[in-house]
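Enquirer: Would you mind keeping the following structure in view while I ask a few things?
The values are calculated or read from the model by the stated rules, or taken from the named source; none is laboratory data. Fair warning: this is a prediction, and the values are worked out from it, not measured in the lab. Neighbour counts run over all protein chains shown; Cβ positions are idealised from the backbone, glycine included.
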Amino acid sequence: MSEHEVDVVVIGGGGAGLAAAVAAAEQGASVLLFESERELGGSTAMSAGMLTAAGTSVQASLGISDTAEKFFQHYMDLNQWLLKPGLVRAFCEHAGPTVEWLIGLGVEIPAAVSHDAHTPGLTRAGVEDVWRGHVPKDQGYGLVQVLDRARKRLGVEAVLNTRVERLLVEDGAVAGVVADGIDVRAGAVVVTTGGLAHDPELLTRHYPAAGRAGDDLFVVAAEGSRGDHLRFGEQAGAAVTGEGWGLLLPTVYFQRLHHWQSGFPPVSRVLVNARGRRFMDEDASYAVSAGIVEAQPGPVWMVFDEATRAGLPPGYAHWSAEHVEAEADAGRTLRADSLEELAGLMGVPADALTATVERWNRQLPETGEDPDFLRHRTLAAKGIAANPDPISKAPFHAARFLPAELVCTHTGLEIDARAAVIGAGGDPVPGLFAAGEAGAGVLGPRYVGGGNAVANAVTMGRIAGRNAAHHTA
């Protein structure tokens, strides 16, 4: 059996792994990166690439005053202080400098206002008081390409289509990995293998909330998200945290892909609960929307009219006029000639549904104001200036709406502020670091907003790589 020697082995070539590899190499360490799939990028490459961060040059150029301390306070409050403050503070303090590091490597984030997750610039990431969502040019794919160019420039070898089998553990310390039956000895190992969304057994065990979506559940995480981090952690006696946490985005039942493939729901829509009443801003950030939906009695429905359906833009897989009509023809999306008849099909009080839609029509379409749920503010942040059309043209439609799009899981190896993996006894496991979904404790019960996962991956990946390099020095 042959044997190789490197300073740092990185397992996983997504955003966290690439950041770790580049950061370690910048410190002068020799680095070898393993990726189980045929291409680098992982879930980061499939994402919008948005990074949530505070105190950046992009914010400053737009006249926005922000600090890591404000970011930290918001982050902890939203997560009800269930996360370790020391770790979250480290993330919040380093997220801004990491954005600057990425810009220095060649990532383009213009100092411009962006009204969505796909236009480069600064956008509203969640429910924060200042905008912190940094959208790079060319989305997550572009972000990965910049990191990969840096990897190549620094001489880091990437071994693709190779799934690491296990860790080498000697006297309680991690001393390398085994891949393709070959021992690869290293001074430190960084685990960045993503989450567990594509392992049904692990998903049931660690994030059972996903099971409530039943057959409507669909996963948009990278195929490599198979829970390898938990298996590696078990070999090293690592502690696990983040049980039961993850990100499920609320969608209509017929959506099965990312929004930029499935399409987007129409502006003229209301969400109603089993009482037939509206209960939220339909464009509320997914930092809070899933929790609001889950708190409702009975099923939640998205209600819209025929004018809305007919006006859907072509070219999308699911939110198109033709697809919605096909769903209604099949009886899966409810359709009726009156709101009273629709209410009967939905099983909600007819008077309540009628009153809800009439109230909507008197508010946003007529006045541009939503005094109940302040949706006019959310629409303005999205750059939508025109008042929505009323919901008034028969036939009327209703589609089930539930948390069903599984983006990421938050159960992983417990890490400290240095991204060092913590053992079951509370002390760091010598030679073992983790980041991204694999390194748990930053992503909590409440997803802080767009860019939370990518910022966590790249920021903690960078921290992990630097400290892994220093561990071997």
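Enquirer: For the condition surrounded by 17 or more Cβ atoms within 10 Å (Cβ to Cβ) and among the aliphatic types (A, V, I, L, M), what is the one hit in Ile384, Ile422?
Expert: So the residue among Ile384, Ile422 that is surrounded by 17 or more Cβ atoms within 10 Å (Cβ to Cβ) and among the aliphatic types (A, V, I, L, M) is Ile422.
Enquirer: With respect to Ala336, is the statement that it is surrounded by 15 or more Cβ atoms within 10 Å (Cβ to Cβ), farther than 25 Å from Ala290 by Cβ, in contact with a Gly (Cβ under 7 Å, 6 or more places away or on another chain) and touching a residue at least 40 places away in the same chain (Cβ under 8 Å) true?
Expert: No: the conditions fail for Ala336.
Enquirer: Residues that are outside the structural domain of Gly121 (by TED's automatic domain parsing) and within 31 Å of the chain's Cα centre (by Cα): find the strands (runs of 3 or more DSSP E) completely inside the range 270-382 holding 2 or more of those.
Expert: Answer list for the range 270-382: 270-272, 300-305.
Enquirer: Do we have Glu165 as touching a residue at least 60 places away in the same chain (Cβ under 8 Å) and more than 22 Å from the chain's Cα centre (by Cα) here?
Expert: no
Enquirer: Select from the range 241-269 the residues that are among the hydrophobic types (A, V, I, L, M, F, W, C) and within 16 Å of Val324 (Cβ to Cβ) and write down the one among them that is surrounded by the most Cβ atoms within 10 Å (Cβ to Cβ).
Expert: Ranking the qualifying residues of the range 241-269, first place goes to Val252.
Enquirer: Continuing with this model, one more query. Hey, can you tell me all the residues within the range 292-324 that are surrounded by 15 or more Cβ atoms within 10 Å (Cβ to Cβ) and of a type outside the set (A, V, I, L, M, F, W, C)?
Expert: If the condition is that a residue be surrounded by 15 or more Cβ atoms within 10 Å (Cβ to Cβ) and of a type outside the set (A, V, I, L, M, F, W, C), then Gln296, Pro299, Asp305, Glu306, Thr308, Arg309, Tyr316, His318, Ser320, His323 are the ones that fit.
Enquirer: May I ask you to verify whether Val190 is touching a helix residue (DSSP H, G or I) at 6+ places or on another chain (Cβ under 9 Å), within 22 Å of Gln27 (Cβ to Cβ) and either in contact (Cβ under 8 Å) with a residue 12 or more places away in the chain or not aliphatic (A, V, I, L, M) (or both)?
Expert: yes
Enquirer: If you scan the range 181-192, which residues turn out to be assigned to a strand (DSSP E or B) and either under 26 Å from Ala222 (Cβ atoms) or of a type in the set (A, V, I, L, M) (or both)?
Expert: Within the range 181-192, Ile182, Val184, Ala186, Ala188, Val189, Val190, Val191 meet the criteria.
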